[in-house]
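Novice: Please see the structure below; I have some questions.
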Amino acid sequence: MKKLIFTTIILLLGVLSLRAGSPLVAQADSAYNADDFRQAADMYLNVIQTEGPSAKLYYNLGNAYYRLGEMGNAIISYERALRLDPSDKDARNNLAFVNGRITDRPGERGTFLANALDAISAYAHSNAWAWIAFACFVLTLAGVLAYIFSQTVAVRKVGFFGGILTFIGCCVCLFFSFRSAAIALADNVAIITVPSTILSTTPRVPQDRSQEAMLLHEGTKVTILDSVRSTTDSINSLWYDVEVDNAHRAWINAAAVQKI
């Protein structure tokens, strides 16, 4: 049994080392260092598709897209990196930097409380929150046992009040774990990837100025609320009903955005 466990660990380490030293990643890094950012981006995408995604690969892909001037794709890549590893400070800093360079400045999204909870939840991976919750649960059990079996009043008080606090901490961390997982798996958030696009008041290309809702540019984040297929002049297209901020909602052609 021990031999089987040891062999499994060796194999896993071998796979991880192979992934870390992938020749495709090395070639992509070389292309990036040689300022061939288009080739680097294509190669990072190839690695993601063939070997699987990672926060580091998406971070490097975001850097390549930024150097190409493709702000929308850069933002998507940094967002995906943070979904895989919320603790990646480099991806978070680069995302904030690129967001500061896009054209549009949407207003407030959501409520203050919801945004605060999302910010805390996104600070760590859902698994990390779950492990902290588990640790709090163990401490809660220890407090209960101390309260029940200890003959010392001071220890029983610590066990009682400490158990209450750790139980609350367990519940809070579980809440953040589920919320973090929901954020990471959300498929209703998209980024505009075309230089600019006109949103419509109806799910079709605006026929006149009265049907034009607003003009948005590359890199702007939108929340998808609904979708519908529309046929105009025998051309079938998918349209998203999106919320830009709390005050603006309109229809956008799905070809103009990409989901995170």
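The values are calculated or read from the model by the stated rules, or taken from the named source; none is laboratory data. This one's a predicted model, so the numbers in the text were calculated from it and none came from an experiment. Virtual Cβ from ideal backbone geometry, glycine too; neighbours counted across all protein chains shown. These area figures cover heavy atoms from the full protein model, side chains too; ligands, DNA and RNA do not enter into them. Shrake-Rupley method; radii C 1.70, N 1.55, O 1.52, S 1.80 Å.
Novice: Of Met71, Met43, Met214, which has the largest mean-square fluctuation in a 10 Å C-alpha GNM of the chain?
Specialist: Most flexible of the set in this elastic network: Met214.
Novice: Stretch Leu185-Ser210 to full length: gain in nm at 0.36 nm per residue minus the Cα-Cα span? Kindly include the intermediate steps, with their values, before the conclusion.
Specialist: Working: separation 25, 0.36 × 25 = 9.00 nm, distance 3.67 nm.
Full extension from Leu185 to Ser210 adds 5.3 nm.
Novice: Using only protein heavy atoms and a 1.4 Å probe, report how much of Ile132 is accessible, in Å² to the nearest 10.
Specialist: 80 Å²
Novice: Quickly work out the Arg229-to-Ile168 label distance, labels modelled 7 Å from Cα along the C-beta direction, and quote it in nm with one decimal.
Specialist: That separation, rounded to one decimal, is 5.3 nm.
Novice: Next question. If you fit an axis through the alpha-carbon atoms of helix 112-121 and take the longest principal axis of the Cα set of the chain, what angle between them do you get, 0 to 90°, nearest 10?
Specialist: In the chain, helix 112-121 runs at an angle near 70 degrees to the longest axis.
Novice: Counting only protein heavy atoms, what percent of the accessible surface of the chain is carbon or sulfur at a 1.4 Å probe?
Specialist: Working: 9800 of 15480 Å².
Its accessible area is 63 percent carbon and sulfur atoms.
Novice: List the relative contact order of the range 67-143 as a percent without decimals, with contacts defined as Cα pairs under 8 Å and 6+ residues apart.
Specialist: About 33 percent, as a whole number.
Novice: If r is the Cβ-Cβ distance from Val194 to Phe97 and R0 is 25 Å, what FRET efficiency results, to the nearest 0.05?
Specialist: Values: r = 21 Å, r/R0 = 0.86.
With R0 = 25 Å, the Cβ-Cβ based efficiency is 0.70.
Novice: If you put +1 on each Lys and Arg Cβ and -1 on each Asp and Glu Cβ, how big is the dipole of the chain around its Cα centre, in Debye rounded to 20?
Specialist: On the way: 22 positive and 22 negative charges, 227 e Å.
The dipole magnitude comes to about 1100 debye.
Novice: Accessible area per residue, 1.4 Å probe, Å², for the chain: what's the number?
Specialist: Values: 15480 Å² over 260 residues.
Solvent-accessible surface per residue comes out at 60 Å².
Novice: Given the Cα-Cα distance of Glu108 and Phe175 and 0.36 nm per residue of separation, how much length would full extension add, in nm? Can you show the working numbers first?
Specialist: Working: separation 67, 0.36 × 67 = 24.12 nm, distance 2.42 nm.
Residue separation times 0.36 nm, minus the Cα-Cα distance, leaves 21.7 nm.
Novice: Distance in nm between label sites at Thr152 and Ser237, each 7 Å beyond Cα in the beta-carbon direction?
Specialist: 7.4 nm
Novice: Roughly how many whole Å is it from the C-alpha centroid of the range 222-250 to that of the range 30-44?
Specialist: That distance is 34 Å.
Novice: While we're on this one: Give the Cα extents of the range 102-159 along the principal axes, in whole Å, largest first.
Specialist: So the three principal-axis extents are 67, 21, 13 Å.
Novice: If you average the sequence gap of Cα pairs under 8 Å that are 6 or more apart and divide by the length of the chain, what percent do you get for the contact order? Present the calculation step by step, with values, prior to reporting the outcome.
Specialist: Values: 396 pairs, mean separation 40.7, N = 260.
Across the chain, relative contact order equals 16 percent.
Novice: Quick one: angle between helix 37-51 and the longest Cα principal axis of the chain, in degrees between 0 and 90, rounded to 10, please.
Specialist: The angle comes out near 50 degrees.
Novice: Also, I was wondering about something else. Taking the Cα centre of the range 91-196 as the origin and placing charges on Cβ (Lys, Arg +1; Asp, Glu -1), which of Ala116, Gly143, Ser177 is farthest toward the positive end of the dipole?
Specialist: So the residue we want is Gly143.
Novice: Moving on. Positive end of the dipole of the range 49-194, charges at C-beta (+1 Lys, Arg; -1 Asp, Glu), about the Cα centre: which of Ala133, Thr152, Val194 has its Cα farthest in that direction?
Specialist: Thr152
Novice: Something else: Calculate the FRET efficiency for His217 and Ala128 from the Cβ-Cβ distance with a Förster distance of 41 Å, rounded to the nearest 0.05. Intermediate results must be reported in sequence, preceding the final value.
Specialist: Details: r = 35 Å, r/R0 = 0.86.
That pair, His217 with Ala128, gives E of 0.70.
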